[in-house]
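One structure is given below, encoded as structure tokens.
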2 protein chains.
Amino acid sequence: VSDGPVVILAGGTGGAKLARGMLDVVGGENLVVIVNTGDDIEIYGSYVSPDPDLVTFWLADRIDSRGWGLEGDTFQVMDGLRELGIEVWFNLGDRDLAICLERARRLQSGERLTEAQQALASALGVAARVLPMADQPVRTRVQADQQWWSLQEFLIRRRGQGEVQDVDFRGRGAARPTPEVLAAIADARAIIIGPSNPVISIGPILAVPGLSEAIVASSAPTVAVSPIVGGAIVKGPTESFMRWRGQSLDGAGIANVYAPLLDGIVADEPSAPLPMLETSTLMNDPESRRRLAEQTLSFALTLPQ
Amino acid sequence: VSDGPVVILAGGTGGAKLARGMLDVVGGENLVVIVNTGDDIEIYGSYVSPDPDLVTFWLADRIDSRGWGLEGDTFQVMDGLRELGIEVWFNLGDRDLAICLERARRLQSGERLTEAQQALASALGVAARVLPMADQPVRTRVQADQQWWSLQEFLIRRRGQGEVQDVDFRGRGAARPTPEVLAAIADARAIIIGPSNPVISIGPILAVPGLSEAIVASSAPTVAVSPIVGGAIVKGPTESFMRWRGQSLDGAGIANVYAPLLDGIVADEPSAPLPMLETSTLMNDPESRRRLAEQTLSFALTLPQ
């Protein structure tokens, strides 16, 4: 077995929670999280990286109970914008904004997105590596009701409502996995696809040209943790995206989206034609996050590679 | 006498206080303040206009007792930046930042600086027109101890210390007075140079090619209110700038800097070879601000044009 890092692919909250559990299992120095940047948005003079920051805040034990942003953050700047008559559709806390302003400053000074995220994660005391999937911009866009939306606008302004008609990862053709991402995948002890929306959270990562190929080429076992808990999605509009992909909302559907990458799957009901670990996938407290991470890693390491 | 606006040229706090007093005398619809933009700085993803905002906050009765920024503002974003290990040398409150982020957004969307400031002043309930001296960037730079500083860095990082060796208004050659500024000067009932630093607060305004000429061409009487109160400067490093200009720190020195624009001067001691109003120039409460504004306007309107 490789002594390389455990690599988790993460988008939304499920992947971030699993990463936090894995931190307890293997420690920050052995953990790499490759994160979706398709939701990134430049707003308020800042560069917001919702998924990388979600993972970073979870790993720093700073995530707020509302499910995003920093614990106990204030919203003075947003209140100030509202006072100026501006419709604030994208809410960002003050300390969150500080992070995103500093990220923008670093990018403008010539740093790669990977370097900027590394500096911010370090400043927040995170030892694990939180790697953007690519340094080039990839932007997830969703078509619903004949209209194209950026992902944040679709999720916030439309509240994720409406039948998904198309999904596009704009800029993916010019994007490449970073050297850090490729090295982590090549050296990985195990690669775990976190329980996030397969289409819009994990999909953009796998859409970066060369990234899926690198996973296939890696000698590490690759498993997915199903985002379906008790037959339903814990958070977010996964169902309509799976329907658009023509897949069922169960382990078999999840496995189909990720095939041929997978060596196994972790889910709470038997449903996929793959080596499987059947276990509870609910992560509602630190112990359940640690347990699922530990079981998933142990399972992965038993698989033939 | 013209029924046009009273026009005040303003930079720092003295000019802003006089403008606030004049607001009580003539009302917002009759008041135009032409403001120095040489201190403007792009920072934190925002566009900060220190002098135009100082005037705007004074006119909105929102100025904080610390002498800058919005009353009761919080500093969460700056605290957040410090938490990331950043040396915050330029302090900006959260609601102040909201204003400066919105200004940057408007400029990026193609608005002129004049239009952006107008929108922000309106949102803060200011009826008077607060006009940037030019829409093009002019940046005041100061040489002290053989080193060049932006004005904000000189005032904040060096605390205005050190012998001033040179002053430069970078970009002035390409700057022009805005149509709004030229119209206000042409139509003015009186033009009043506020009691601010003649070199770095008023100097950049008069350095915009064509602006001094417009004042000379205007039929309005032009008077300066001396920033010297009881033989000293109330606030800021005016003395070293006047020394660099080779001028004494008294009414005669002030008059020399502004000649040949002036038809008269307002000061608290007789010293200039010009028609003069001798009165207290201290503005430490609303009544003294209103009184000085009223006396200055009355004096200006008695002068031969």
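The values are calculated or read from the model by the stated rules, or taken from the named source; none is laboratory data. Values in this document were obtained by computation on a predicted structure and should not be read as measured data. FYI the Cβ positions are ideal-geometry reconstructions off the backbone, even for glycines, and counts take in every protein chain you see. When the accessible area is computed, the model is the full protein with side chains, heavy atoms only, and any ligands, DNA or RNA have been set aside. Shrake-Rupley method; radii C 1.70, N 1.55, O 1.52, S 1.80 Å.
Just to verify a result, which residue in region A:143-177, among those that are of a type in the set (F, W, Y) and under 23 Å from A:N91 (Cβ atoms), is least open to solvent (accessible area, probe 1.4 Å)? Spell out how you get there, then give the answer.
From region A:143-177, those of a type in the set (F, W, Y) are A:148-149, A:154, A:169; that's our starting set.
Narrowing the set further to residues that are under 23 Å from A:N91 (Cβ atoms) leaves A:148-149, A:154.
Working: A:W148: 97, A:W149: 35, A:F154: 0 Å².
Among those residues, the one meeting the criterion is A:F154.
Mind checking which residues of region A:226-243 are open to solvent by 10 Å² or more (accessible area, probe 1.4 Å) and among the small types (G, A, S)?
A:G230, A:G231, A:A232, A:G236, A:S240
Go over the candidates A:L124, A:L131 one by one and state the one that is within 14 Å of chain B (Cβ to nearest Cβ) and either within 20 Å of A:V35 (Cβ to Cβ) or open to solvent by less than 10 Å² (accessible area, probe 1.4 Å) (or both).
Details: A:L131 fails: within 14 Å of chain B (Cβ to nearest Cβ).
Residue meeting the stated conditions: A:L124.
Quick check on region B:60-77. Is at least one of its residues open to solvent by less than 30 Å² (accessible area, probe 1.4 Å), modelled with pLDDT of 95 or more and more than 23 Å from the chain's Cα centre (by Cα)? Walk me through it before giving the result.
Filtering region B:60-77 for residues open to solvent by less than 30 Å² (accessible area, probe 1.4 Å) gives B:60, B:63-64, B:67, B:69-70, B:73, B:77.
Restricting the remaining residues to those that are modelled with pLDDT of 95 or more gives B:60, B:63-64, B:69-70, B:73, B:77.
Narrowing the set further to residues that are more than 23 Å from the chain's Cα centre (by Cα) leaves B:77.
So far as region B:60-77 goes, yes, one or more of its residues are open to solvent by less than 30 Å² (accessible area, probe 1.4 Å), modelled with pLDDT of 95 or more and more than 23 Å from the chain's Cα centre (by Cα).
Looking at region B:146-153, can you tell me whether even one residue there is hydrophobic (A, V, I, L, M, F, W, C), assigned to a helix (DSSP H, G or I) and within 11 Å of another protein chain (Cβ to nearest Cβ)? Don't jump to the end; show me each part of the working.
From region B:146-153, those hydrophobic (A, V, I, L, M, F, W, C) are B:148-149, B:151; that's our starting set.
From the residues that got through so far, the ones that are assigned to a helix (DSSP H, G or I) too are B:151.
Narrowing the set further to residues that are within 11 Å of another protein chain (Cβ to nearest Cβ) leaves none.
So far as region B:146-153 goes, no, none of its residues is hydrophobic (A, V, I, L, M, F, W, C), assigned to a helix (DSSP H, G or I) and within 11 Å of another protein chain (Cβ to nearest Cβ).
Return the residues of region A:97-115 that are touching a residue at least 60 places away in the same chain (Cβ under 8 Å) and open to solvent by less than 30 Å² (accessible area, probe 1.4 Å); say none if nothing qualifies. Break it down into steps so the answer makes sense when it comes.
Residues of region A:97-115 touching a residue at least 60 places away in the same chain (Cβ under 8 Å): A:104, A:107, A:112-114.
Result: A:A104, A:L113, A:T114.
Which one of these does A:L54 not meet: (1) free of Cβ contacts under 8 Å to residues at least 60 places away in the same chain; (2) farther than 20 Å from A:V208 by Cβ?
(2)
Looking at A:V164, A:V142, A:V130, which one is over 25 Å from A:L107 (Cα atoms), at pLDDT 95 or above and not charged (D, E, K, R)? I'd like the intermediate steps shown before the answer.
Numbers: A:V164 fails: at pLDDT 95 or above; A:V130 fails: over 25 Å from A:L107 (Cα atoms).
The match here is A:V142.
Only one of A:L261, A:L277, A:L282, A:L297 is more than 19 Å from the chain's Cα centre (by Cα) and open to solvent by 10 Å² or more (accessible area, probe 1.4 Å). Can you tell me which?
Details: A:L261 fails: more than 19 Å from the chain's Cα centre (by Cα); A:L282 fails: more than 19 Å from the chain's Cα centre (by Cα); A:L297 fails: more than 19 Å from the chain's Cα centre (by Cα).
So the residue among A:L261, A:L277, A:L282, A:L297 that is more than 19 Å from the chain's Cα centre (by Cα) and open to solvent by 10 Å² or more (accessible area, probe 1.4 Å) is A:L277.
Against the condition in contact (Cβ under 8 Å) with a residue 40 or more places away in the chain, away from chain A (no Cβ under 14 Å), over 16 Å from the mean Cα position of the chain (by Cα) and part of a loop (DSSP other than H, G, I, E, B), how does B:D3 come out, does it pass? Give the steps one after another, and end with the answer.
Details: in contact (Cβ under 8 Å) with a residue 40 or more places away in the chain: yes; away from chain A (no Cβ under 14 Å): yes; over 16 Å from the mean Cα position of the chain (by Cα): yes; part of a loop (DSSP other than H, G, I, E, B): yes.
Considered against the rule, which asks whether it is in contact (Cβ under 8 Å) with a residue 40 or more places away in the chain, away from chain A (no Cβ under 14 Å), over 16 Å from the mean Cα position of the chain (by Cα) and part of a loop (DSSP other than H, G, I, E, B), B:D3 comes out as yes.
How many residues are modelled with pLDDT of 90 or more and assigned to a loop (DSSP other than H, G, I, E, B) when one looks only at region B:243-260?
Total meeting the criteria: 3.
Residues of region B:244-258 being more than 22 Å from B:G160 (Cα to Cα) and surrounded by fewer than 20 Cβ atoms within 10 Å (Cβ to Cβ), which ones? Break it down stepwise before answering.
We begin by selecting, within region B:244-258, every residue more than 22 Å from B:G160 (Cα to Cα); these are B:251-252, B:255-256, B:258.
Across region B:244-258, the qualifying residues are B:A252, B:N256.
Can B:S196 be described as more than 17 Å from B:V7 (Cα to Cα) and of a type in the set (S, T, Y)?
For B:S196, the condition - more than 17 Å from B:V7 (Cα to Cα) and of a type in the set (S, T, Y) - is not met.
Considering A:S196, A:S219, which residue is of a type in the set (S, T, N, Q), within 26 Å of A:D53 (Cβ to Cβ) and touching a residue at least 60 places away in the same chain (Cβ under 8 Å)?
Working: A:S219 fails: within 26 Å of A:D53 (Cβ to Cβ).
Of A:S196, A:S219, the one residue that is of a type in the set (S, T, N, Q), within 26 Å of A:D53 (Cβ to Cβ) and touching a residue at least 60 places away in the same chain (Cβ under 8 Å) is A:S196.
Considering region B:206-220 alone, what residues qualify as being more than 16 Å from B:A183 (Cβ to Cβ) and crowded, with 18+ Cβ neighbours inside 10 Å?
B:L206, B:A207
Please return the ranges of strands (runs of 3 or more DSSP E) entirely within region B:13-117 where 1 or more residues are away from chain A (no Cβ under 14 Å), of a type outside the set (S, T, N, Q) and touching a strand residue (DSSP E or B) at 6+ places or on another chain (Cβ under 7 Å).
On the way: elements: B:31-35, B:41-43, B:46-48.
Result: B:31-35.
Restricting to region B:168-189, name every residue that is within 17 Å of the chain's Cα centre (by Cα) and touching a residue at least 60 places away in the same chain (Cβ under 8 Å).
Of everything in region B:168-189, those that are within 17 Å of the chain's Cα centre (by Cα) and touching a residue at least 60 places away in the same chain (Cβ under 8 Å) turn out to be B:F169, B:T178, B:E180, B:V181, B:A184, B:I185.
In contact (Cβ under 8 Å) with a residue 60 or more places away in the chain and more than 18 Å from A:I193 (Cα to Cα) - does that describe any residue in region A:73-83? Quick ask: steps written out before the conclusion?
Within region A:73-83, the subset in contact (Cβ under 8 Å) with a residue 60 or more places away in the chain is none.
No, there is no match, as no residue in region A:73-83 is in contact (Cβ under 8 Å) with a residue 60 or more places away in the chain and more than 18 Å from A:I193 (Cα to Cα).
Yes/no per residue for (1) assigned to a loop (DSSP other than H, G, I, E, B); (2) of a type in the set (A, V, I, L, M, F, W, C):
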{"site": "B:F241", "(1), (2)": "no, yes"}
{"site": "B:L262", "(1), (2)": "yes, yes"}
{"site": "B:L274", "(1), (2)": "yes, yes"}
{"site": "B:A293", "(1), (2)": "no, yes"}
{"site": "B:T296", "(1), (2)": "no, no"}
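Take the residues of region A:259-305 that are without any contact (Cβ under 8 Å) to a residue 24 or more places away in the chain and acidic (D, E): which is nearest to A:I185 (Cα to Cα)?
Among those residues, the one meeting the criterion is A:E278.
Which members of region B:186-196 meet the condition of being open to solvent by less than 10 Å² (accessible area, probe 1.4 Å) and within 29 Å of B:W244 (Cα to Cα)? Please lay out each step first, then the result.
Step one: list which residues in region B:186-196 are open to solvent by less than 10 Å² (accessible area, probe 1.4 Å), which gives B:188, B:190-194, B:196.
Scanning region B:186-196 gives B:I191, B:I192, B:I193, B:G194, B:S196.
Regarding B:L9, is this residue in contact with a Gly (Cβ under 9 Å, 6 or more places away or on another chain), closer than 30 Å to B:F299 by Cα and not in a helix (DSSP H, G or I)?
On the way: in contact with a Gly (Cβ under 9 Å, 6 or more places away or on another chain): yes; closer than 30 Å to B:F299 by Cα: yes; not in a helix (DSSP H, G or I): yes.
Yes, satisfied.
Which condition number in (1) surrounded by fewer than 19 Cβ atoms within 10 Å (Cβ to Cβ); (2) assigned to a loop (DSSP other than H, G, I, E, B) is the one that B:E287 fails?
(2)
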